[in-house]
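The values are calculated or read from the model by the stated rules, or taken from the named source; none is laboratory data. From a predicted model like this one, the values you see are computed outputs, not experimental measurements. A quick note on method: Cβ atoms are made from the backbone with ideal geometry, for glycine too, and the neighbour counts reach across all protein chains shown. Please note that ligands, DNA and RNA were not included when accessible areas were found on the heavy atoms of the full protein model with its side chains. Shrake-Rupley method; radii C 1.70, N 1.55, O 1.52, S 1.80 Å.
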Amino acid sequence: MTAVTPPRAVLWDVGNVIVRWNPRTLYAKIFKEPADLDRFLSHVGTMDWHSETDRGVTFGDNIALRAAQFPEHAEHLAAWWDRWDEMFSGAIPETEGLIEDLALAGVPQYALTNMANESWPGVKAMSPVFRHLRDAIVSAEEKVIKPDPRIYEIVLERTGLAPHDLLFIDDNADNIAAARALGFHVHLFTDPAALRPVIQAHGLL
């Protein structure tokens, strides 16, 4: 049996790990009928469509292309960027506390996020804990998104660390599986209260 090398740094996802993000938070204000809300998010304002901004397409261009396909929803689509901040419902306190404690313990921390260039500055302003991140790999800047293996390679190039040096925390199972296949320590984030025991079990606190 070969001993598993413990991690010595943490790699954080951002959306729904550090800050809560859900388009439904905004569009529940716009669509009064639940069926209309569900139809819009499942057929028009979809995650597949939105992911193009994570790849580097601007919000303006992405919205214009979609509005040409669904002109009856042009105003609703415009709200995706005009009211972007209303999709957020604050930082996750348990994660904030852990980032602060890890910083006090001298543990290096980084972020890997599928996010547009345009939205990243505003997201960073949502919590003071972002100041503790030594680097952030933002998908739109790299023109590649999780779970493409290339973006994890970029993490290793930027941090100078090996996969086994990093504990990667993400709320998406596909992203976790991709990182695990490359040799990262991983944790699928589902319950904020369960995170501290995981960090402690890895010897980071």
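Please identify every one of the trypsin sites (Lys or Arg not before Pro) in region 127-200 that sits in a loop by DSSP and has no more than 13 other beta carbons within 10 Å of its own beta carbon.
Arg134, Lys143
By how many nm would the segment from Ser89 to Asp36 lengthen if fully extended, with 0.36 nm per residue of separation less the alpha-carbon distance?
Roughly 16.9 nm would be gained on extension.
Of all alpha-carbon pairs in region 60-205, indicate the percentage at a distance above 27 angstrom.
Details: 3101 of 10585 pairs.
Value for region 60-205: 29 percent of Cα pairs lie more than 27 Å apart.
Please compute one quarter of the surface area of the Cα convex hull for region 10-65 and express it in square nanometres.
Reported value for the Cα convex hull: 4.9 nm².
Each residue of region 95-102 in turn: what ³J(HN,Hα) in whole Hz from Karplus with 6.51, -1.76, 1.60 and θ = phi - 60°, glycine and Pro shown as x?
So the J values, rounded to whole Hz, are 5, 4, x, 5, 4, 5, 5, 5.
With the other protein chains left in place, how much accessible area per residue, in square angstrom, belongs to the chain at a 1.4 angstrom probe?
48 Å²
Quick one: helix 59-69 against the long Cα principal axis of the chain, what's the angle to the nearest 10°, folded into 0 to 90?
Computed tilt is about 40 degrees.
Average projected area of the Cα convex hull of region 128-195, in nm²? Show your work: numbers first, answer last.
Numbers: hull surface 20.2 nm².
Here the figure is 5.0 nm², rounded to one decimal.
Say the dipole of region 1-104 comes from +1 at the beta carbon of Lys and Arg and -1 at that of Asp and Glu; which of Ala67, Leu104, Ala78 then lies farthest toward its positive end?
Final value for the positive-end residue is Ala67.
For the chain, what is the mean residue ellipticity at 222 nm derived from helices alone (per DSSP H run of n ≥ 4: -39500 (n - 2.57); sum divided by total residues; nearest 500 deg cm²/dmol)?
When only DSSP H runs of four or more count, the value is -12500 deg cm²/dmol.
Exactly which trypsin sites (Lys or Arg not before Pro) in region 1-106 are in a DSSP loop and have at most 12 other Cβ atoms within 10 Å?
Counting only loop positions with at most 12 other Cβ atoms within 10 Å, the trypsin sites (Lys or Arg not before Pro) in region 1-106 are Lys32.
Near Lys124, which lysines are there with a Cα under 22 Å away, not counting those fewer than 8 places off in the same chain?
Lys143, Lys146
Taking the full set of protein chains and a 1.4 angstrom probe, give the accessible area of Asp82 in square angstrom, rounded to the nearest 10.
Number for this one is 120 Å².
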